[in-house]
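Down below is the structure, laid out as structure tokens.
The values are calculated or read from the model by the stated rules, or taken from the named source; none is laboratory data. Not measured: the values here are computed from a predicted model. Please note: Cβ atoms are built from the backbone with ideal geometry, for glycine as well, and neighbour counts cover all protein chains shown.
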């Protein structure tokens with residue numbers, strides 16, 4: 001039975017052993033590192049393990065194919081036949097030596113399905129990015145090729161493999177795991193995710209039947225009852241699930257954040273695939289969050305929603321939480337346990353000690369990974385929702401899971417920061433050749449991190465909810481015009497109408513505001529406004545030290561303004577797709593502004609510190625902006641000194657009312673954050689969840 005490879009290959013036993021152990025180690029690392037992507041901005045280790053896991057498994061499979069002669073016994077067949085012909089009386093001794101030499105290669109055949117198991121990957125990470133999901137067909141073809149290669153090795157060993165039963169069981173487990181990963185990739189692709197949400201189409205009223213009834217009524221002159229065909233139209237099962245979940249949520253007093261989040265997830269997941277809400281869903285969401293009046297709780301619910309979205313796109317959740325998934329898990333676990341028992345009872349004489357140890361490591365490691373995945377599944381947030389919505393016999397599990405699933409951070413608590421002035425100061429001594437290529441400059445820019453605070457979340461929540469109360473059921477265009485103003489005109493206008501008593505003259509305030517509004521009124525594009533306000537905010541930070549604002553009540557507004565300004569600059573440089581920035585234009589504008597700032601700082605040797613740079617920019621004589629903004633004759637799109645003009649006008653307002661100036665700056669950046677979150681497509685938010693959620697994701701969801 002089986003077949004003999006006709007060309008025995010070189011012995012690569014050591015490489016195979018190392019590859020098998022390394023593949024197992026990578027699987028152990030991935031199952032525990034996978035969930036940390038939501039809480040970390042440093043994905044290099046996860047990325048490396050993710051790529052190496054598939055590469056090492058493929059390498060090991062190739063090495064096994066390379067040793068087909070040894071596995072099939074071909075490597076020793078010639079010598080065995082010669083030995084029998086020369087010394088028939090020594091047959092027993094020759095057979096013993098053959099057993100010793102071929103026992104370990106026979107174990108290689110048993111190891112082969114473990115590679116399929118490893119290629120299936122852990123439950124906690126199936127895709128590193130959304131693009132991996134879009135390549136699900138490539139993974140399906142890879143499954144077929146890997147399965148074919150493993151089958152070749154298996155059939156080569158049929159005639160002398162003493163553990164055929166255990167090998168077949170492991171093949172079943174490996175095929176199931178690899179198929180689960182492929183299906184999860186397929187389900188996590190944007191197109192399929194959208195199709196699952198939409199469900200079957202709704203044809204509406206049966207127009208032809210209505211017309212026939214109408215014609216019959218008209219011709220016969222009798223009253224004809226027109227049937228209500230709306231009741232016959234199929235209703236999407238997703239909509240039924242949404243209605244059930246929402247009614248269950250609000251019919252009982254549930255305080256569990258995950259239960260609230262899952263009910264909202266069932267409805268609002270359509271936003272993450274660029275679909276829209278209907279009027280009922282929109283009214284429900286507004287009523288829910290407007291009545292909540294608890295910013296921290298609102299953002300916890302949103303973060304849990306993002307958890308569910310993440311699981312559906314980047315893990316095996318599309319399979320793991322289904323009835324079929326539980327059946328497949330039971331089959332895989334049974335195959336692993338049965339194979340371990342068979343190997344434990346198998347006579348291991350003639351098998352090298354190191355191969356016995358590696359086999360035990362593969363079996364016990366596979367069982368440990370399966371057990372870890374089961375524990376993570378039972379104590380997941382999705383399981384917590386199930387326990388909460390079912391019979392009281394799960395109450396103890398609900399209590400225990402709530403202590404485990406909600407422990408620790410949900411998403412990364414910090415955001416990247418970048419400053420164009422800091423970057424220009426840090427690069428002013430680097431040669432032109434090293435910085436000539438802009439993408440390289442963008443990669444070289446230092447991105448520091450700043451911990452987010454509840455102050456920012458409260459500001460975002462109250463701004464959105466207050467606007468929703470004022471606008472009610474107005475159209476999206478009206479909401480965009482009123483709430484998401486990226487230039488700051490609405491904030492300046494409302495501040496101008498502020499009638500609270502102050503010590504300064506009304507005319508002085510109006511003059512300062514008019515000058516600021518004149519600076520921003522002619523801004524046409526979001527990236528231009530972002531650069532302008534970013535530099536102006538940075539220059540205004542000089543007032544914090546000069547006016548000793550660090551310990552005052554104004555300082556939180558200064559801190560929030562700086563944090564949001566630098567975070568938005570980071571998005572412009574590193575993730576422009578999050579800002580829907582115009583392709584190419586923002587790049588030229590930033591590059592020209594950065595180049596002008598770097599040239600300005602390099603011309604003055606006295607500029608050594610950040611405050612020196614700020615003072616030097618504020619001391620530059622700047623003319624008033626022309627009526628119509630035009631680019632320089634040399635084609636430069638720099639806004640450096642336009643920002644200096646805006647900063648000086650903000651300084652004038654600050655000399656009159658320090659608190660008022662910082663309130664304006666803070667609100668402008670808050671509006672920019674909400675504008676970016678509102679304009680960013682939902683699918684783009686999903687693409688960025690693999691590197692840790694931040695303010696733009698939660699703000700966009702809100």
Inset, instruction - At least 1 residues that are farther than 30 Å from residue 414 by Cα and at pLDDT 85 or above in each: list the helices (runs of 4 or more DSSP H) lying fully within segment 1-93 that qualify. - result: 13-33, 44-66
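Can we say residue 153 is surrounded by fewer than 20 Cβ atoms within 10 Å (Cβ to Cβ) and within 27 Å of residue 31 (Cβ to Cβ)?
Numbers: surrounded by fewer than 20 Cβ atoms within 10 Å (Cβ to Cβ): no; within 27 Å of residue 31 (Cβ to Cβ): yes.
Here the answer is no, as residue 153 does not meet what is asked.
Here is a list: 326, 250. Which entry is surrounded by fewer than 18 Cβ atoms within 10 Å (Cβ to Cβ) and at pLDDT 90 or above? Even if it seems obvious, please write down each step before you answer.
Details: 250 fails: at pLDDT 90 or above.
Exactly one residue qualifies, and that residue is 326.
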Legend entry - In segment 338-355, the residues that are surrounded by 15 or more Cβ atoms within 10 Å (Cβ to Cβ) and either part of a helix (DSSP H, G or I) or touching a strand residue (DSSP E or B) at 6+ places or on another chain (Cβ under 6 Å) (or both): 338, 339, 340, 342, 343, 355
Inset, instruction - Among the numbered conditions (1) in contact with a helix residue (DSSP H, G or I) (Cβ under 7 Å, 6 or more places away or on another chain); (2) under 30 Å from residue 342 (Cβ atoms), tell me where residue 190 comes up short. - result: (2)
Inset, instruction - Answer yes or no: is there a residue in segment 293-312 that is farther than 20 Å from residue 125 by Cα, in a loop (DSSP other than H, G, I, E, B), without any contact (Cβ under 8 Å) to a residue 12 or more places away in the chain and touching a helix residue (DSSP H, G or I) at 6+ places or on another chain (Cβ under 7 Å). - result: no
Inset, instruction - Consider residue 102 carefully, then state whether it is modelled with pLDDT under 90, part of a helix (DSSP H, G or I) and farther than 30 Å from residue 26 by Cα. - result: no
